[in-house]
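Take a look at the structure below.
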Amino acid sequence: MTNFTLFFNSFLSYLLLFVLIAVLAVIACFIGISFRKKKDARDAATSAMSQADTQDGQS
C-alpha cells in the first residue's frame, strides 16, 4: 500500500506540473494573438493614413 501511495503522489505531482505548463502555454498563445491583432490594427491605420497623405499630395 505504501508503494501505491508513493506512486499516486508522484503521479499527481507530475500531472499538476503538466497542467500548469499547458495552462501557461495557452495563456501565452492568447497574449501573442492579442499582440498580433493590435500590431495589425496599428499597421492598417498607419497605412491608411499614409495613403490619404499621398492622395492629398497628388491632387
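Between the helical axis of 2-58 and the dominant principal axis of the chain, each derived from Cα atoms, what acute angle in degrees is found, rounded to the nearest 10?
For 2-58 against the chain, the angle is about 0 degrees.
Show that you can apply the helix-only estimate: for the chain, add -39,500 (n - 2.57) for every DSSP H stretch of four or more residues, divide by all residues, and state [θ] at 222 nm to the nearest 500.
Computed mean residue ellipticity for the chain: -36500 deg cm²/dmol.
What percentage of all Cα-Cα pairs in the chain are separated by more than 12 Å?
77
Quick note: the coordinates plus some simple rules give every number you see, no bench work behind them. It should be emphasised that the depicted structure is a prediction, and the values quoted were computed from it without experimental measurement.
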